[in-house]
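> This is the structure, below, for whatever I ask next.
The values are calculated or read from the model by the stated rules, or taken from the named source; none is laboratory data. On a predicted model such as this, the values are computed, not experimentally measured, just so you know. Methodologically, a virtual Cβ is constructed for each residue, glycine included, from the backbone with ideal geometry; neighbour enumeration extends over all protein chains shown. Note: accessible area is taken over every heavy atom of the protein model, side chains too, but ligands, DNA and RNA are not part of it. Shrake-Rupley method; radii C 1.70, N 1.55, O 1.52, S 1.80 Å.
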Amino acid sequence: MIRPEEIKMSAEETGKWGMVINQDICTGCQACVAACAMENNVTFVGEEDSGYGRSMHWIRIERFWEGEYPEVKMTPNQPMLCQQCGSAPCEPVCPAFATVHSTAESLNLQVYNRCVGTRYCANNCPYQVRSFNWRDYERPEPLPNQFNPDVTVRRRGVMEKCTFCIQRIHKAQDKAKSEGREVADGEFTTACAQACPANAIVFGRVDNPQSLVSQLAHKGHGVKHLEELGTLPNVTYFKGG
Amino acid sequence: MIKSFFNWLKQPLGLIAVGIVFLALFSAAAYGLYTTQQAPDQPIQFPHKTHVAFGIQCLYCHPGASKGPAAGIPSQAKCWACHNQIVKTRDSALLAPLKDAVLNGESLEWVPVAIVPDFVQFNHRAHVAAGKNCEECHGDMTQQLVAQNPQVMNMGWCLNCHIENAGEDQAKLIKLTDCGTCHY
C-alpha cells in the first residue's frame, strides 16, 4: 500500500514507475518478448522485412560477444526495453510533439495520432528500443481476434515503443479508485514481468521506498544503462551479483 | 494547347465554367462532411423517447457505463424479455427483425453512434464516477427517436470539459490533460 507520507522523493527526481531486471536469473527464454507482443498488439513483420532490420519488438533479449573469436565468451542475457528516461533523448527531437513526457505518470509517451513518422526519435534513442511501422503488416484471420482492445493498433508510418503497459497502470488505478483506495504494490505488473518464469523482471513504484522494486533497486550493485548520458533511466539491471 | 485552354478560361464563358467546377467540388465536399455527421441506419428504428418515457433507466440497458470502459448494447434476449410479454409488440411488424433474431439465435447488428477513434481509450466508468450524467454527452434521450450524436466528439470538446472539471486542482489538471490519459 503506497501512502503519500511514505513517498519521500519527488516524482521528478526518481520517476514514478520503474523496473528491476536481474540478468543472472534471466534464461533468455523470450517469454517476455512473446507476452509483450500479445499484450501490446505488436505486429510480426515477416522474414523479408526482418532481414532489413525492421523487426518490431518493444522488448528484446540482447547478448554480446566478449573477446576474440576462438575464446568468445557470451555475456548474460540482457532484456532491453524502453528505459522510460527521466530526461529522454527521444523527446526534444520530435517535430510533431508526438513523443512527450507524461507529467502524471512520469513515463515517455508515444502519441500515435500525432506521429508523422520522421523516425528522428528512434535515431536519437541510445537504447535502440523504438520500432517503426514500415508497412501495414498483414494479420490473417483469426489473428485479429487476439488484439488487446485496450491498446491502439498502430498503422503504417507510426513509431512505437514500450509504454510500461500503461493500459494496465490505468486499469489498476481505475479499479483502485472505484474501490476508494490507492494502488497496492504488486497488485498488477507489466506483461513481460508477468510472463517471466524466473521472476527476473520486477515492476512497481520507484518513488515508494517500501515497494519491492525500489528495495531491489537500492541494493547497491544495480546498473542503469548509459546513465552517463544523463538520460535518468528508470530500469535497473543486476548482473554478477 | 495548354495556353489556348487558359485563354479560353479567361473568357466570360470560361469563368462561368470555373465557377461551376468550384461549386461542384465545394458542394461535394460539404455533402461528404454532412454525411459523416448523420446518425447511421439501425436494424430497428429504436425509439429512445418511448423507452425513457416508460421510466426505464439508462443503466438498465447500458449497465457497462457504471462498471467499465464500454456502456454496452443490450442483447436481444433483454429486449425480447419485455417485448415478448406485450401483445402489441410481440406481433408488431416493426419488431419483426428482433423476433427473427431471437428465434434464429442471431445477433442484431446495432451500429454504434457515439464513437471515438481507435487511438482514444475512453472509459465510461471514470466519467460516471466523476458525476457526469449520460445526457451531458449523449443528449436528451427523452426527445430522441433513433439515436443521434448531439455533438462532434473531438479532442477539443473532451479537453474543454477536462479543464473545466479540474478547476484549480493542479494535480487533477495534470492528470486530466496528460496525453497518456487517453492515448496509448
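> Quick check: is even one residue across region A:55-69 modelled with pLDDT of 90 or more, acidic (Asp, Glu) and closer than 18 Å to A:Tyr237 by Cβ?
Yes, the conditions are met somewhere in region A:55-69.
> Can you pull out every residue in region A:193-235 that is hydrophobic (A, V, I, L, M, F, W, C), assigned to a loop (DSSP other than H, G, I, E, B) and touching a helix residue (DSSP H, G or I) at 6+ places or on another chain (Cβ under 6 Å)?
Within region A:193-235, A:Cys196, A:Val206 meet the criteria.
> Next question. Among the strands (runs of 3 or more DSSP E) confined wholly to region A:57-137, which include 3 or more residues that are in contact (Cβ under 8 Å) with a residue 24 or more places away in the chain and closer than 29 Å to A:Asp24 by Cβ?
Strands (runs of 3 or more DSSP E) meeting the threshold: A:59-62, A:78-81.
> Mind listing whichever residues of region A:154-187 are farther than 29 Å from A:Arg114 by Cα and in contact with a helix residue (DSSP H, G or I) (Cβ under 8 Å, 6 or more places away or on another chain)?
Hits for region A:154-187 are A:Lys177, A:Ser178, A:Glu182, A:Val183, A:Ala184, A:Asp185, A:Gly186, A:Glu187.
> With A:Arg168, A:Arg155 as the choices, which residue is surrounded by 18 or more Cβ atoms within 10 Å (Cβ to Cβ) and of a type outside the set (S, T, N, Q)?
A:Arg168
> I've got another one for you. For region B:107-133, which positions are within 13 Å of the chain's Cα centre (by Cα) and open to solvent by 50 Å² or more (accessible area, probe 1.4 Å)?
B:Trp110, B:Val111, B:Pro112, B:Ile115, B:Val116, B:Pro117
> If you don't mind, there's one more thing I want to ask. Condition first: exposed (fewer than 13 other Cβ atoms within 10 Å of the Cβ) and under 22 Å from the mean Cα position of the chain (by Cα). Now tell me which residues in region B:149-184 satisfy that.
B:Gln151, B:Val152, B:Asn154, B:Gly156, B:Trp157, B:Asn160
> Let me ask something else. Quick one: A:Ala191 ticks every box in (1) within 14 Å of chain B (Cβ to nearest Cβ); (2) in contact with a Ser or Thr (Cβ under 6 Å, 6 or more places away or on another chain) except a single one, so which number is it?
It fails just one condition, (2).
> Could you count how many residues in region A:210-231 are open to solvent by 90 Å² or more (accessible area, probe 1.4 Å) and within 16 Å of A:Ala88 (Cα to Cα)?
3
> Here's another thing I want to ask about it. Of everything in region A:169-212, what is of a type in the set (Ser, Thr, Tyr) and in contact with a strand residue (DSSP E or B) (Cβ under 9 Å, 6 or more places away or on another chain)? Give them in sequence order.
Passing the criteria: A:Thr189, A:Thr190, A:Ser211.
> Pick out the one residue from A:Gly186, A:Gly180, A:Gly220 that is in contact with a Leu (Cβ under 9 Å, 6 or more places away or on another chain) and either at pLDDT below 90 or closer than 30 Å to B:Ala65 by Cα (or both).
Just one listed residue meets the conditions, A:Gly186.
> Same structure, new question: Could you check how many residues of region B:140-162 are free of Cβ contacts under 8 Å to residues at least 12 places away in the same chain and within 17 Å of B:Thr50 (Cβ to Cβ)?
Final tally of qualifying residues: 1.
> What helices (runs of 4 or more DSSP H), lying completely within region B:101-168, carry at least 3 residues that are within 14 Å of chain A (Cβ to nearest Cβ)?
Helices (runs of 4 or more DSSP H) meeting the threshold: B:124-129, B:155-166.
> Just wondering, is there one or more residues in region B:52-65 that are among the hydroxyl-bearing types (Ser, Thr, Tyr) and at pLDDT below 90?
Checked against the condition, which is being among the hydroxyl-bearing types (Ser, Thr, Tyr) and at pLDDT below 90, region B:52-65 yields no hits at all.
> Can you tell me which residue in region A:117-152 is farthest from A:Ile169 (Cα to Cα), limited to those that are within 14 Å of chain B (Cβ to nearest Cβ) and open to solvent by 70 Å² or more (accessible area, probe 1.4 Å)?
Going through the qualifying residues, I end up with A:Asp136.
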